[in-house]
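Worksheet: the structure to be examined is printed underneath.
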Amino acid sequence: MSRALKRLDTLRRLLAHMRERLAFDVPFLLWDGSTVPANLGPSELAIAIADEGVIAALVRRPNADTLINLWVSARLDIRNGTIFDLVARRQKVSSKATLRSLDKRLVLATAANYLFVARGGPWPLEGIRGDRSRADGSEAANKENVQYHYDLSNAFYALFLDPEMIYSCGYFTDGNNDLAIAQRDKLDMICRKLRLTPGESLLDVGCGWGGLVCHAARHYGVRAHGVTLAQEQYAYGKEKVRRLGLEDRVTLELRDYSRLDGSFDKIASIGMFEHVGIANHPTYFRAIHRLLRPRGLYLHHAIARRAPRNDRPRRRPEQIALARYIFPGGEVDHVGMSVASLERYGFEVHDVEGLREHYARTTRHWHDRLLASRAAAEREVGSVKTRLWLAYLAGCSIAFDRGNVGIFQTLVSKRARGASGLPLTRADLYKSSSVPSSVS
């Protein structure tokens with residue numbers, strides 16, 4: 001028997017052993033066409049391993065970067081299913097306990113067999129070393145980081161976002177609602193929480209493709225101003241404002257939030273705060289406080305990690321990979337830190353609403369829509385980017401579904417003595433999910 005066949009035989013035995021001990025009911029399809037278990041049907045779910053260099057690479061560097069490179073190059077793939085299908089097959093058992101139960105001799109023998117095998121290629125993301133971003137809060141760094149993510153391609157985002165191009169957590173008033181309804185209801189909920197009234201001024205910090213500012217102007221009669229650092233978002237938003245005939249009520253600006261002037265009755269930040277960076281939170285909150293009129297309302301909508309035992313941030317491998325390949329400069333705090341910062345910089349907190357399960361649904365919709373448009377996505381941004389984003393969106397949905405990460409909307413006012421001006425109850429927020437008629 002040749003060395004290659006001996007390696008393959010040892011690997012088959014290890015995979016069979018792992019499936020039994022790790023309660024991982026997913027078969028494997030190997031590069032020679034053999035399967036574990038044997039006689040696997042052609043339509044069954046399986047993890048496909050393209051060549052023995054995949055195993056060699058995992059033996060030498062068993063980390064998130066290796067897995068991601070193998071995934072985006074399709075050397076490690078899923079046949080007849082998705083990441084969600086793999087997760088559903090894995091039993092809920094203690095990883096540490098099951099790993100300890102493995103036959104260590106078989107593990108070491110397999111690893112030794114592949115230790116000096118060439119890892120092969122390609123490695124399409126390997127040129128991105130370390131944390132590629134700067135998060136010093138400067139306008140140049142902010143612009144570079146934002147444009148890396150958002151200027152990927154408007155046509156690409158259109159493949160999986162709703163018709164209004166809303167790239168933040170939807171609000172599912174009914175679990176059966178589609179993405180378009182959930183995003184419309186989210187925009188309306190934001191406007192109701194801010195108690196927008198005709199003639200007021202609204203600032204949207206990180207306005208994306210203009211969804212909120214246009215919605216607020218059309219249905220609530222406000223004068224809305226949005227800022228973004230993404231060139232393609234800005235161009236799309238300007239055209240949308242023109243197309244809807246809102247030039248007299250909506251303005252957009254390609255500008256960093258820290259360089260804004262003026263005073264606004266209401267301010268919203270929807271899914272932008274994650275880009276600021278924890279070290280730059282004081283600059284951010286001071287800017288919002290400066291721009292908000294006395295007793296004005298600010299809605300803070302942001303992803304949050306679970307609170308650690310202490311406030312020293314510990315970045316997990318998946319968080320490092322996310323910042324490296326998807327969201328350069330991105331960092332998230334926990335909701336307690338956000339609330340403390342808001343109070344520390346002159347705001348009174350009125351409401352905090354958790355939307356974790358809403359975001360699990362939203363990101364699942366995005367994943368499924370992108371998967372359904374996979375061929376078009378590959379034509380637009382290539383197969384590597386498409387596979388990277390499918391893994392990213394699936395990972396986000398799973399993380400929110402499991403409660404590993406959360407998202408909160410926090411409503412605050414600029415602190416002042418006396419009455420806040422808000423209703424004594426919150427019944428008005430939830431009495432209806434219908435969007436009001438357009439304001440002429």
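The values are calculated or read from the model by the stated rules, or taken from the named source; none is laboratory data. Please read these numbers as outputs of a predicted model, since none were measured by experiment. Ideal geometry is used to build each Cβ from the backbone, glycine not excepted, and the neighbour counts take in all protein chains shown. Just so you know, the surface numbers come from the protein's heavy atoms only, side chains and all, with ligands and any DNA or RNA stripped out. Shrake-Rupley method; radii C 1.70, N 1.55, O 1.52, S 1.80 Å.
Only a single item in (1) surrounded by fewer than 17 Cβ atoms within 10 Å (Cβ to Cβ); (2) farther than 24 Å from Pro317 by Cα; (3) in contact with a Lys or Arg (Cβ under 9 Å, 6 or more places away or on another chain) is not met by Ala46, and it is number (1). Here the condition is being in a loop (DSSP other than H, G, I, E, B), open to solvent by 70 Å² or more (accessible area, probe 1.4 Å) and either among the hydroxyl-bearing types (Ser, Thr, Tyr) or modelled with pLDDT of 75 or more (or both); of Gly127, Gly120, it holds for Gly127 alone.
The residue of region 154-177 that is least open to solvent (accessible area, probe 1.4 Å), among those that are part of a loop (DSSP other than H, G, I, E, B) and more than 23 Å from Ile303 (Cβ to Cβ), is Asp174.
Cβ-Cβ distances below 6 Å connect the following pairs, each with a first residue in region 243-257 that is closer than 28 Å to Ser138 by Cβ, a second residue that is at pLDDT 95 or above and open to solvent by 70 Å² or more (accessible area, probe 1.4 Å), and a separation of six or more residues or different chains: Leu252/Lys238.
Among the residues of region 12-41, how many are assigned to a helix (DSSP H, G or I) and either touching a residue at least 40 places away in the same chain (Cβ under 8 Å) or among the small types (Gly, Ala, Ser) (or both)? Explain how you work it out, then say what you get.
Here is the first cut: in region 12-41, the ones assigned to a helix (DSSP H, G or I) are 12-21.
If we keep only those that are either touching a residue at least 40 places away in the same chain (Cβ under 8 Å) or among the small types (Gly, Ala, Ser) (or both) too, we end up with 13-14, 16-18, 21.
Adding up the residues that qualify gives 6.
Would you say Ala394 is surrounded by fewer than 20 Cβ atoms within 10 Å (Cβ to Cβ) and at pLDDT 90 or above? Answer is no for this residue. Please verify whether Ile78 is assigned to a strand (DSSP E or B) and either buried (at least 18 other Cβ atoms within 10 Å of the Cβ) or aliphatic (A, V, I, L, M) (or both), treating the condition exactly as stated. Considered against the rule, which asks whether it is assigned to a strand (DSSP E or B) and either buried (at least 18 other Cβ atoms within 10 Å of the Cβ) or aliphatic (A, V, I, L, M) (or both), Ile78 comes out as yes. Looking at (1) in contact with a Pro (Cβ under 9 Å, 6 or more places away or on another chain); (2) free of Cβ contacts under 8 Å to residues at least 12 places away in the same chain, find the lone condition where His334 falls short. Only one criterion in (1) in contact with a Pro (Cβ under 9 Å, 6 or more places away or on another chain); (2) free of Cβ contacts under 8 Å to residues at least 12 places away in the same chain is unmet by His334, namely (2). Checking each residue of region 85-98 against the condition of being in contact with a Phe, Trp or Tyr (Cβ under 6 Å, 6 or more places away or on another chain) and open to solvent by 80 Å² or more (accessible area, probe 1.4 Å) gives at least one match. Lys385 falls short on exactly one of the conditions (1) over 24 Å from Asn69 (Cβ atoms); (2) open to solvent by 40 Å² or more (accessible area, probe 1.4 Å), and that condition is (1).
Residue count for region 401-428 satisfying the condition of being surrounded by fewer than 14 Cβ atoms within 10 Å (Cβ to Cβ) and among the β-branched types (Val, Ile, Thr): 1.
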